[in-house]
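The values are calculated or read from the model by the stated rules, or taken from the named source; none is laboratory data. These numbers come from a predicted model, not from an experiment. Neighbour counts are summed over all protein chains in view; Cβ atoms, including those assigned to glycine, are modelled from backbone coordinates with ideal geometry.
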Amino acid sequence: MTNWPAPLTNIINEFKECFDRMERYELLFEYADKLPHELLTENWTEENRVKGCQSEAHVECKLDQKGGFQIHGAADANLVQGLIAILAIGVDGLPPSQVATLSPNFVDEMDVKASLTPSRANGFLNMFEMIRKTAANMSEGA
Amino acid sequence: MTNWPAPLTNIINEFKECFDRMERYELLFEYADKLPHELLTENWTEENRVKGCQSEAHVECKLDQKGGFQIHGAADANLVQGLIAILAIGVDGLPPSQVATLSPNFVDEMDVKASLTPSRANGFLNMFEMIRKTAANMSEGA
Amino acid sequence: MEAIRSDFPILTRTMDGGRPLVYLDNAATTQKPRQVIEAMNSYYENTNSNVHRAVHTLAGEATEGYENARTEIAEYFGAPRDHLIFTSGTTEAINLVAYGWARANLSKGDVIVTTEMEHHADIVPWQILSKERGVEIRYIPLERDTLTLDMDAFEIAVSDANLVCVVHTSNVLGVRNDIERIIQLSKSNGNDGKGAFVMIDAAQAAPHERINFLEMNCDFLALSSHKMGGPTGIGGLFVRPEIMETMDPFISGGDMIETVTLEGSTFQKGPQKFEAGTPRIAEAFGWHAAVKWLSSFDMKEVHKHISNLARETAARMSAIPGIKIYGRHDMESCSGVVSFLHEKIHAEDLAHLLDSGGFAVRTGHHCAQPLMDALGVSSTARISFWLYNTKEEANSFVEHLTSIVDRFG
Amino acid sequence: MEAIRSDFPILTRTMDGGRPLVYLDNAATTQKPRQVIEAMNSYYENTNSNVHRAVHTLAGEATEGYENARTEIAEYFGAPRDHLIFTSGTTEAINLVAYGWARANLSKGDVIVTTEMEHHADIVPWQILSKERGVEIRYIPLERDTLTLDMDAFEIAVSDANLVCVVHTSNVLGVRNDIERIIQLSKSNGNDGKGAFVMIDAAQAAPHERINFLEMNCDFLALSSHKMGGPTGIGGLFVRPEIMETMDPFISGGDMIETVTLEGSTFQKGPQKFEAGTPRIAEAFGWHAAVKWLSSFDMKEVHKHISNLARETAARMSAIPGIKIYGRHDMESCSGVVSFLHEKIHAEDLAHLLDSGGFAVRTGHHCAQPLMDALGVSSTARISFWLYNTKEEANSFVEHLTSIVDRFG
Ligand SMILES: Cc1ncc(COP(=O)(O)O)c(C=O)c1O
Ligand SMILES: Cc1ncc(COP(=O)(O)O)c(C=O)c1O
């Protein structure tokens, strides 16, 4: 197993314990409510829209006062918002340089990918890629 | 068996004796040379062209001095000209009213249809139909 | 019913968690009976050859099969074979009307009447034409309370219409429009009483009704094979020959010409003029098989079965807390489509949650954004039944939906 | 070879009189390996669903399969996936260039250079455009002695050409044009040195060569699946994305839009903008399987096998009294096509006589009437080999032809 940040490892383990897809969806719905930094709809713009997603999803990357990484996001579909929340919790406060090196295959670990359609999996990968790149830029800039 | 005119019956019997498709083609080639009234190429017009034929075929119906039916025709492909010749020989000199009642299934009897492609079979049926109609008109006119 | 279902190999498929597939996305595309699959296999394994202008046996058989398909598909839709132009589907059929007929016959100031209920396939080609040629488009609105077309508005709009383009049966609402009246009004009142041309989008009608092109008395009828048990990649446009003659060629190339010289070309007559290039041969064999298979049913019974399923399911769904139905299912003519939303669960989430129970359900704007705008939503979830769907499937769908709403709502 | 042949169910078919089928009409359409037939079966039996905008499992699998097909077919032709627009074949692909690109980018006085050697699919769309928009068409003649394009004439004509449209490999002569030089000249000298756009008709090239779109450096590349082992009903146009952006939509409707309102529509970017309506889904699965199957061969070896068969057969045929060959088979680049006539036996009669021996041979103008005019004939008979044809088949063909000439000549 890759060395994920601890919060992400915890979430992965939670998903692994799920009995079936329905339970995993329930967990995603729960995480959808736990967005650490919700991007309010009035701040949804064409620029922060996640492309390749069927539903509307918006994400922005910021740094907290200590230079830690933050994902601000939201989506109109709960399952997507749940994925954003997991990412946001997983990397919250990490140095951007570490975020830049993460690989998106924790979604496989969580067994959620099997429950994502290709188009949504693509949307998720697009989003993850965008976040990783932003993190890389931020860490270069630093 | 339908009561074909005697010359046609003879031809049908000749074809029935053929051993295979190649022999039937040989016979058709022979008949192609026996056109009773060849329509010379200089008399090929858009009006006497047989539609639905891949190769060029032209046919005109006339009455001889005794009011007997005549088919004048020719084609650039020998197999088609052979079919025209058989028709022309088969009905030569008959009263148009009799020609008008002929059915095209002597081609089945001859087993030639199995050797015709659908498009050529169609061409042949078109031609036969046109001849039958002309004969019908002629006999009405009479 | 067992017999019908056993004709469809895919219906025995098990999904996630060993659940049986419950295919409720028939308005997007229907499944194919093995008769259709086998007809195409047999074509590829025994007959495959390019058609027309050829002498050899395979080419003869392929041509005969292809042209027989035209004859019998046309016959199924109540028309002679020379009324049917094969296209790749409804979309291309409507585009053929737009490029081949409308560009040759309409000009600036002419009027096309269509409706808010249309599929994008019956909107975008006219918008492009309108931009290019200054033809005016008028959209008949939906009555917001009955979800049917505003026929008063239609009666007024049609009076100077040159072309009327209407969907026979909505792919979102389950509503079957009063096509008979629409055609009659277009013919009697259209174009200042001289009569308007009428194009009917029958993509959703053909799987439900036995359509008779000549009796209908419209000018253009557009269809897709894949929505009526046939393969993808083929469909058709019905047009009367005298109207075909007033159409310019659209897609051009081999097979549709009579002669080509460096100075110019002359074209075939009839459907061939609009079928350039190697045709969809295997697909024609497949669609033909679908039509033969469908002919073994009484389509009135089929329709009753489907619309009863939709009606009963819609009624039970509206009793589920938070579920709202978008559409009409109270009329006999309604189709097998039920669109719905939950007040809290996003349509896409609903579809995922349903999918985990084995239920194939579509979400989105269903290529009908103007209709979505009229309904005041951006998307809906949609189930759509066809002849192989059972009461048991409908019941288990309602149960599963109920449990989802309980758990996630 | 046995292994290759056993992939093709149809090749075991026996014809009239118990004779084995000898399929020599590959330039019209090739036969399909069982891998292709099975891929489509598996699609219909396990996956069938409409693609895009859908959540349920089948729709996901269908979308993934359809888009994978795009990725791997594009890769086979040396291009990224966003360079490939699916069409119904070469004919529609060229029409897409004519309607989508040329109508948006060419106007009165602009010049299209094409050749006398073209298939009607690469002539008629330009003639229609020319009539509509006053674009000038120049036809590069064939050198009557070498049966190759007059490259001096090309060099002169290209200098003020805006678009150059050339067939890669002739479907009648077996000649492969010097495409590399044609593209290079078009780019360096075309349009007064600013470079002309180039459209290559690769319908007959794809079954013979491994074509690399990006290396070729042309702007448009048109292809048919059915001529390279794939199903009917699908083909493609390769275009670079920056050129796609300068193209207007052609066939319009669902799937190619971004938003539709009553006021107007905005369109997708990339290939989807040109793929309106339900796509050729099963067909994409089938073409994908054909490309995977072909990838298992060294196309250089395949080409050598085919062109050797054609060269040897043509040589032996010319020794038959009265037989005249129309074409070139002495160059390595030549394809598997041999056109011929007998001085007395009509081409169509020849084809019938050959068919009775089990030989599938095409006759006619091969959708290339201007080329027929240049050759001074109205039609030819044509055999065309593909990878599954054997020396034995070629031998028995020559023998049968000899006996026909003996008997009927
Ligand atoms: C050179 C050439 N171009 C174009 C075409 C047209 O291809 P399709 O009929 O598949 O559209 C063909 C085949 O007939 C061809 O041989
Ligand atoms: C009402 C209606 N019209 C047109 C279409 C377009 O049909 P196709 O995608 O087969 O071209 C559809 C299906 O999507 C439809 O439901």
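Here are some notes:
- Qualifying residue in region B:25-40 (condition: without any contact (Cβ under 8 Å) to a residue 40 or more places away in the chain, in a loop (DSSP other than H, G, I, E, B) and touching a strand residue (DSSP E or B) at 6+ places or on another chain (Cβ under 7 Å)): yes
- Total residues in region D:285-326, condition loosely packed, with under 15 Cβ neighbours inside 10 Å and closer than 30 Å to D:ILE345 by Cα: 6
- In region D:39-60, the qualifying residues are those that are within 8 Å of chain A (Cβ to nearest Cβ) and aliphatic (A, V, I, L, M), and the one that is nearest to the chain's Cα centre (by Cα) is D:ALA59.
- Members of region D:196-225 found to be more than 11 Å from ligand 1 (Cβ to nearest atom), more than 21 Å from D:ASN389 (Cβ to Cβ) and in contact with a Ser or Thr (Cβ under 7 Å, 6 or more places away or on another chain), listed by number: D:ALA196, D:VAL198
- Residues satisfying the stated conditions in region B:89-110, i.e. β-branched (Val, Ile, Thr) and either assigned to a loop (DSSP other than H, G, I, E, B) or under 13 Å from B:MET138 (Cα atoms) (or both): B:VAL99, B:THR101
- Hits in region D:140-157 - residues which are surrounded by fewer than 24 Cβ atoms within 10 Å (Cβ to Cβ), touching a residue at least 40 places away in the same chain (Cβ under 8 Å) and away from every other protein chain (no Cβ under 14 Å): D:ARG144, D:THR146, D:LEU147, D:THR148
- Looking only at residues in region D:98-111 that are away from every other protein chain (no Cβ under 12 Å) and within 14 Å of D:ILE243 (Cα to Cα), the one that is nearest to ligand 2 (Cβ to nearest atom) is D:TRP101.
- Scan of region D:299-329 for residues that are basic (Lys, Arg) and either touching a Lys or Arg at 6+ places or on another chain (Cβ under 8 Å) or at pLDDT 95 or above (or both), ordered by number: D:LYS300, D:LYS304, D:ARG311, D:ARG316, D:LYS324
- Of residues in region D:86-98 being away from ligand 1 (no atom under 12 Å from the Cβ) and within 15 Å of D:ILE200 (Cβ to Cβ), the one surrounded by the most Cβ atoms within 10 Å (Cβ to Cβ): D:ALA98
- Test: residue in region C:69-81 that is within 16 Å of ligand 1 (Cβ to nearest atom), of a type outside the set (Lys, Arg) and more than 30 Å from D:GLU263 (Cα to Cα): no
- If you check D:ILE123, D:ILE112, D:ILE128, D:ILE137 for being buried (at least 23 other Cβ atoms within 10 Å of the Cβ) and more than 15 Å from ligand 1 (Cβ to nearest atom), only one passes: D:ILE112.
- Residue within region C:236-247 that is within 9 Å of chain D (Cβ to nearest Cβ) and under 27 Å from the mean Cα position of the chain (by Cα) present: no
- One residue from C:VAL97, C:VAL113 being of a type in the set (A, V, I, L, M), in contact with a Lys or Arg (Cβ under 7 Å, 6 or more places away or on another chain) and under 30 Å from C:ALA28 (Cβ atoms): C:VAL113
For (1) among the hydroxyl-bearing types (Ser, Thr, Tyr); (2) farther than 27 Å from D:ASN41 by Cβ; (3) within 16 Å of ligand 2 (Cβ to nearest atom); (4) assigned to a strand (DSSP E or B), each residue gets a yes or a no:
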position	(1), (2), (3), (4)
C:GLY229	no, no, yes, no
C:THR232	yes, no, yes, no
C:LEU237	no, yes, yes, yes
C:ASP248	no, yes, no, no
C:VAL260	no, yes, no, yes
C:PRO271	no, yes, no, no
C:ALA276	no, yes, no, no
C:PRO279	no, no, no, no
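- Of all residues in region D:272-284, one or more are within 12 Å of another protein chain (Cβ to nearest Cβ), among the β-branched types (Val, Ile, Thr), buried (at least 16 other Cβ atoms within 10 Å of the Cβ) and touching an Asp or Glu at 6+ places or on another chain (Cβ under 8 Å).
- Long-range neighbours under 7 Å by Cβ, at least six apart or interchain, first residue on the phi > 0 side of the Ramachandran plot and touching a residue at least 12 places away in the same chain (Cβ under 8 Å) within region C:158-187, second more than 11 Å from ligand 2 (Cβ to nearest atom) and assigned to a strand (DSSP E or B): C:GLY174/C:VAL338
- D:LEU221 vs. criteria more than 16 Å from ligand 2 (Cβ to nearest atom), surrounded by fewer than 24 Cβ atoms within 10 Å (Cβ to Cβ) and away from chain C (no Cβ under 14 Å): no
- Of all the listed residues (D:SER384, D:SER396, D:SER403, D:SER379), the sole one being crowded, with 24+ Cβ neighbours inside 10 Å and of a type outside the set (Lys, Arg) is D:SER384.
- D:GLU283 vs. criteria within 16 Å of ligand 2 (Cβ to nearest atom), at pLDDT 95 or above, acidic (Asp, Glu) and not in a loop (DSSP other than H, G, I, E, B): yes
- Among (1) more than 29 Å from D:ILE257 (Cβ to Cβ); (2) touching a Lys or Arg at 6+ places or on another chain (Cβ under 7 Å), the one test that C:LEU401 misses: (2)
- Residues of region D:61-79 classified as among the β-branched types (Val, Ile, Thr) and more than 7 Å from every other protein chain (Cβ to nearest Cβ), total: 2
Quick grid of which residues meet (1) farther than 29 Å from D:GLY233 by Cβ; (2) away from ligand 2 (no atom under 16 Å from the Cβ); (3) touching a residue at least 24 places away in the same chain (Cβ under 8 Å):
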{"site": "D:SER88", "(1), (2), (3)": "no, no, yes"}
{"site": "D:ASN95", "(1), (2), (3)": "no, yes, yes"}
{"site": "D:VAL113", "(1), (2), (3)": "yes, yes, yes"}
{"site": "D:VAL135", "(1), (2), (3)": "yes, yes, yes"}
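- Strands (runs of 3 or more DSSP E) wholly inside region D:312-383 containing at least 3 residues that are in contact with a Phe, Trp or Tyr (Cβ under 7 Å, 6 or more places away or on another chain) and more than 18 Å from D:SER396 (Cβ to Cβ): D:323-326
- Residue count for region C:98-116, restricted to those that are farther than 20 Å from C:SER159 by Cα and among the hydrophobic types (A, V, I, L, M, F, W, C): 3
- Test: C:LEU221 is assigned to a helix (DSSP H, G or I) and in contact (Cβ under 8 Å) with a residue 24 or more places away in the chain: no
- Among (1) away from every other protein chain (no Cβ under 14 Å); (2) of a type outside the set (Asp, Glu); (3) in contact with a Pro (Cβ under 8 Å, 6 or more places away or on another chain) - the single one C:TRP386 does not satisfy: (1)
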